[in-house]
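Here is the structure we will look at.
The values are calculated or read from the model by the stated rules, or taken from the named source; none is laboratory data. Everything numeric in this text was worked out from a predicted model, so none of it was measured. Note: ideal-geometry Cβ built from the backbone for every residue, glycine included; neighbour counts use all protein chains shown. For accessibility, only protein heavy atoms count, side chains too; no ligands or nucleic acids. Shrake-Rupley method; radii C 1.70, N 1.55, O 1.52, S 1.80 Å.
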Amino acid sequence: QVRLVESGGGLVQPGGSLRLSCVVSGISVNTKFMAWHRRPPAKERELIAAITPSGQTNYGDSVKGRFTISRDGTTNMLYLQMDNLKPEDTGVYYCRGFPPENWGQGTQVTVSS
């Protein structure tokens with residue numbers, strides 16, 4: 001059974017940092033495409049960062065230079081380091097592995113003073 005469980009969300013002030021973690025079981029973070037998505041309030045879910053099995057990373061324009069996706073094959077974890085957070089980064093963040101599609105339940109990130 002495949003399971004993805006996110007953690008690390010919370011309330012942070014603008015300019016602050018958070019590190020999201022995703023515990024992955026049932027698939028390997030080293031052999032699947034892994035990604036982070038977010039759903040801002042009242043908006044569609046969007047792709048913000050992805051890592052391929054070969055280790056290539058890609059980022060959405062809104063987070064490029066501020067967010068870093070990484071993985072640890074030993075512990076089978078996926079991470080998202082988020083720096084210089086902005087209010088528009090607020091949303092529910094989801095961990096995703098594919099193919100086939102597997103999603104976590106999400107963790108809330110709120111950036112506000």
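Can you find even one residue in region 49-67 that is touching a residue at least 60 places away in the same chain (Cβ under 8 Å), among the aromatic types (Phe, Trp, Tyr) and closer than 14 Å to Cys95 by Cβ?
no
Please work out which one of (1) at pLDDT 95 or above; (2) surrounded by fewer than 18 Cβ atoms within 10 Å (Cβ to Cβ) is the condition Ala42 fails and give its number.
Status for Ala42: all satisfied but (1).
Just to confirm my filter: which strands (runs of 3 or more DSSP E) fall fully inside region 1-110 and include at least 2 residues that are out of contact with any helix residue (DSSP H, G or I) (no Cβ under 8 Å at 6 or more places or on another chain) and among the β-branched types (Val, Ile, Thr)?
18-25, 46-51, 67-72
Please state which of the following conditions Pro100 fails to meet, knowing it meets all the rest: (1) open to solvent by 10 Å² or more (accessible area, probe 1.4 Å); (2) modelled with pLDDT of 95 or more; (3) more than 24 Å from Gln13 (Cα to Cα).
(2)
Mind counting the residues in region 86-97 that are open to solvent by 30 Å² or more (accessible area, probe 1.4 Å) and among the hydrophobic types (A, V, I, L, M, F, W, C)?
Here the count works out to 1.
Mind listing just one residue for me: the one in region 8-31 that is over 14 Å from the mean Cα position of the chain (by Cα) and more than 16 Å from Glu101 (Cα to Cα) and, of those, surrounded by the most Cβ atoms within 10 Å (Cβ to Cβ)?
Filtering region 8-31 for residues that are over 14 Å from the mean Cα position of the chain (by Cα) and more than 16 Å from Glu101 (Cα to Cα), the one surrounded by the most Cβ atoms within 10 Å (Cβ to Cβ) comes out as Val12.
Do the conditions hold for Met34, that is, is it over 14 Å from Val109 (Cα atoms), open to solvent by less than 60 Å² (accessible area, probe 1.4 Å) and within 11 Å of the chain's Cα centre (by Cα)?
yes
Of the numbered conditions (1) free of Cβ contacts under 8 Å to residues at least 12 places away in the same chain; (2) of a type outside the set (Ser, Thr, Tyr); (3) within 20 Å of Asn102 (Cα to Cα), Gly73 satisfies every one except a single condition; which is it?
So the condition that Gly73 fails would be (1).
Counting only residues that are of a type in the set (S, T, N, Q) and open to solvent by 50 Å² or more (accessible area, probe 1.4 Å), which one in region 45-64 is farthest from the chain's Cα centre (by Cα)?
Ser54
May I ask you to verify whether Asp72 is among the acidic types (Asp, Glu) and under 16 Å from Val5 (Cβ atoms)?
So Asp72 fits the description; yes.
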